[in-house]
1. Hey, can you tell me all the residues within region 310-331 that are at pLDDT 95 or above and small (Gly, Ala, Ser)?
2. How many residues, within region 293-309, are modelled with pLDDT under 95 and either within 16 Å of Ala215 (Cα to Cα) or not in a loop (DSSP other than H, G, I, E, B) (or both)?
3. If a residue must be surrounded by fewer than 18 Cβ atoms within 10 Å (Cβ to Cβ) and either touching a residue at least 12 places away in the same chain (Cβ under 8 Å) or among the basic types (Lys, Arg) (or both), how many such residues does region 146-163 contain?
4. Filter region 273-291 for residues that are at pLDDT below 95 and more than 18 Å from Glu361 (Cα to Cα) and give the result.
5. Restricting attention to region 500-540, and to residues there that are among the small types (Gly, Ala, Ser) and under 18 Å from Tyr550 (Cβ atoms), which single residue is modelled with the lowest pLDDT?
6. Checking Ile519 against (1) assigned to a loop (DSSP other than H, G, I, E, B); (2) of a type in the set (A, V, I, L, M); (3) over 32 Å from the mean Cα position of the chain (by Cα), which single condition isn't satisfied?
7. Which of the numbered conditions does Tyr463 fail, given that it passes all the others? Conditions: (1) under 21 Å from Asp429 (Cα atoms); (2) within 36 Å of the chain's Cα centre (by Cα); (3) assigned to a strand (DSSP E or B).
8. If you go through region 117-134 one residue at a time, how many are more than 20 Å from the chain's Cα centre (by Cα) and at pLDDT below 95?
Amino acid sequence: MVERGKYHEKKFLVCTIFLTLIILVIISLPLASCKNKTESNPTDPTSTNSSDTGETTMPTTNATTSNTGPESKTDFTTTAKATIKNTDSKTTKQATTTNQAEEDIYGKNYSVSGDKFYQKKTIYVTWVNVWHGSTETWFNGLAYSKYGTRIKIDGSSVVPDSNKSTHRKYIFEQAKNAGINALVMDLTNGYNAWSLISKDYQRMCYENNMKFAVATHPKGASDIEEICKFTWDTYVAPGKALYASSYLYKNNKPLMVIYSTKNEYLSATGANGTYKNKFEFVWASGEDSEPDKWGWQLEAQDGPIPSKDSMFITPAISWNSPRSSVDAWRNSMAFLDFGFLAAREINPKFVIVGSVDDTTEHNGWMTMDTSKKTYEMPTISSNNLEIGLSYQIKDIYGKVSPSAYYDRVKQWITNGSVTAFNKNGILADGAYTLTNKASNKKFGVTRPAPQIKPATDLNAVFYRDYMLETKMETYYWFYHLGNNEYKIIKLSSGLALQPNENGRLIQTWDENTDKQRWIITRQSDGSYTIVNKATKTAIHDMANSDNTIYVKPKDDSVNQKWDINPVPGRTIN
């Protein structure tokens, strides 16, 4: 009896424990579900909700906003969450625990010295124009017209707009797949106005082991501390800012690009402040060429400036063969190739490649359709001096090509070099100087007076030894088109050489025409003749009798013989 009773007592006890465990599990299931639902959005902004809208919620930092940009009405002080589009539901790196969320997503205890990213020999950077889009009225007038640049999104041809999640994803993937390592947000038109869009780009950088930085425009010492505090709190602060570990550092400090005048830059960087002192600064501005600049343009007569630290490369060429108009620009693959060759020779730590999506100031190099751009003759009252053909992205033959620049940038970055489009030419693709055997002089193109608007160097006539103030202005780029036929482009203007109806040599828009195909033939003395395929006329220097460069019927005279010498380090082998 006693033993039997103990058996039943043990059996009863086991059953009771088993049933208790079942009840606890059943009770805990909804609690766990609620816990997961509560934690998923605040700690992991990459998670999606059940509505399948592709939207995610993201905590925002305390800050005020300026009166420009899509989020100008957002009150970050009182708003706890803001909704943005999730551009990629399949993330490369997602947080799975609270610890990971705190230490990884928020960059808690992040140490730049332990980040393997900075072991890269070269860090490739590009800008992103977050202000391009439906909120910018000044941009809409041109971009959203029938002549606007287009990209393909879900089968539709649309104007790039970073306010839209699918566009952000397209722009980001173009940069990533080309080999870009870091994105710089162009916040120069309002540093806190596009925070949500910028944070989405930062998220994508974080998920793809890339880095992120911002470019701002402080007015000097008066607002640099405020800008740095906002940037620190929003994007950088370890343990506080979302995706803080993805922020780009230089010299062990978070990097801020300042786009400003030189005086504004010196004033801002010379100021003292708690948050200002946390950052490393680099300078960017329109047109000026100086060492270690991070953009936004280069002076065409100077080109890229060699530096072991930072070099800026762009397809954007100044209009009006330099120093004539600072108001407009044109595209040039030759200038892009020239820049990459310069960077390859120097091997700087940072190479900044234009702005991936800049369609208005000609820095853009992503895949985009520019075929609807047409030439519009400028008028005296016009604010846009020449639009249309200057925007078109063309291949070496002069044909409009959506991917010509993108493919070239990708080849340069991923391979470290490129090959000639057409091999076995008498000259390698690249930059050369041309010296006439009769006059022993080079030639250059006339420039319009800078104070005259509209001013243009389109169809300008070439003269011997004229307007050659820098070495860059003596450089001509040769692309082999096959059969020793070459496109020849003046590097300081981005325009192609062509004969005009008066028998003079001019520069004009790069087009797919035999008038811009030049047959190069080597002579017994090592010089070359340059004969136009369409007109059968040769480039001719009249020597002492006339300074004009003509195109005349081929006569084998010394006036038609040219020493074509490669610029050291600027040819494609």
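The values are calculated or read from the model by the stated rules, or taken from the named source; none is laboratory data. If you're wondering where the values come from, they're calculated on a predicted model, not measured in any experiment. So basically every Cβ, Gly included, is an ideal-geometry build from the backbone, and we count neighbours across all protein chains shown.
1. Selection gives Ser310 alone.
2. Count: 4.
3. 6
4. Glu290, Pro291
5. Looking at the filtered set, the residue picked out is Gly503.
6. So Ile519 meets the others, but not (1).
7. For Tyr463, the failing item is (1).
8. 1
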